[in-house]
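The structure under discussion appears below in the form of structure tokens.
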Amino acid sequence: EGAEIPTDGSATKIAGGAFRYHKNLKEIEIPSCIKAIGYGAFSETGLEKVVLNEGLEVLDAYAFGFNENLKELALPKSVNKIILYTILKNVEIMTEPGYRNKTYLVYENSYAHKWVKDNNLKYKLRG
């Protein structure tokens, strides 16, 4: 409900919190004209399926955080920056659990592939 992203190139970023709390939002496709998804843009929604197209470069912290029904997130080759929200507490690093309960689908030797390995996240290699 009200969850529309322009596909004509008039928008290149989805603002932080833009779709937060849209509990009726089950599926979304991010068009290739979108280069960045802001902080918490799709956090705490009802998302079950997300399609991220080539062209997307930046995923800010909590972009898809706290979406318990979103089990997989396929990251395109074009992604070159992923901000994983971390809290440094003494020497223990705690990360938002929404990132840990997903399987990331990544291309071998891509930025996203290095990112999932560096953060010990579940992943599968894509095509």
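Which shape class, rounded, prolate or oblate, goes with segment 27-66 when its Cα gyration tensor gives a ≥ b ≥ c as root eigenvalues, a/c under 1.5 marks rounded, and past that a/b bigger than b/c marks prolate?
Oblate, since a/c reaches 1.5 and b/c is not below a/b.
At Glu48 and Lys71, where each label point lies 7 Å from the Cα along Cα→Cβ, what is the point-to-point distance in nanometres?
1.1 nm
Compute the distance in nm between two label points, each set 7 Å from the Cα along the Cα-to-Cβ direction, one at Glu4 and one at Lys122.
Label at Glu4, label at Lys122, 3.6 nm between them.
Mind listing the phi-derived Karplus ³J(HN,Hα) values for segment 63-78, rounded to whole Hz, using 6.51, -1.76 and 1.60 with θ = phi - 60°, and x for any glycine or proline?
3, 10, x, 6, 10, 5, 8, 8, 9, 10, 9, 8, 9, x, 4, 5
Can you list the lysines whose alpha carbon is less than 16 Å from that of Lys117, not counting same-chain residues fewer than 8 positions off?
Reachable lysines: Lys77, Lys81, Lys102.
Can you bin segment 4-44 into rounded, prolate or oblate? Criterion: square roots of the alpha carbon gyration tensor eigenvalues sorted a ≥ b ≥ c, rounded for a/c under 1.5, prolate for a/b above b/c, oblate for the rest. Write out the running numbers ahead of the final one.
Numbers: a/c = 2.48, a/b = 1.50, b/c = 1.65.
Cα axes put segment 4-44 in the oblate bin.
How much accessible area per residue does segment 14-72 have, counting only protein heavy atoms and a probe of 1.4 Å, in square angstrom?
Values: 2630 Å² over 59 residues.
Ligands and nucleic acids excluded, the figure is 45 Å² per residue.
Between Ile83 and Thr12, 0.36 nm times their residue separation minus their Cα-Cα distance comes to what?
On the way: separation 71, 0.36 × 71 = 25.56 nm, distance 1.81 nm.
Length gained, Ile83 through Thr12: 23.8 nm.
The values are calculated or read from the model by the stated rules, or taken from the named source; none is laboratory data. Please read these numbers as outputs of a predicted model, since none were measured by experiment. Glycine gets a Cβ as well: all are built from the backbone with ideal geometry, and neighbour counts include every protein chain shown. We work out accessible area using only protein heavy atoms, side chains counted, and drop any ligands, DNA or RNA first. Shrake-Rupley method; radii C 1.70, N 1.55, O 1.52, S 1.80 Å.
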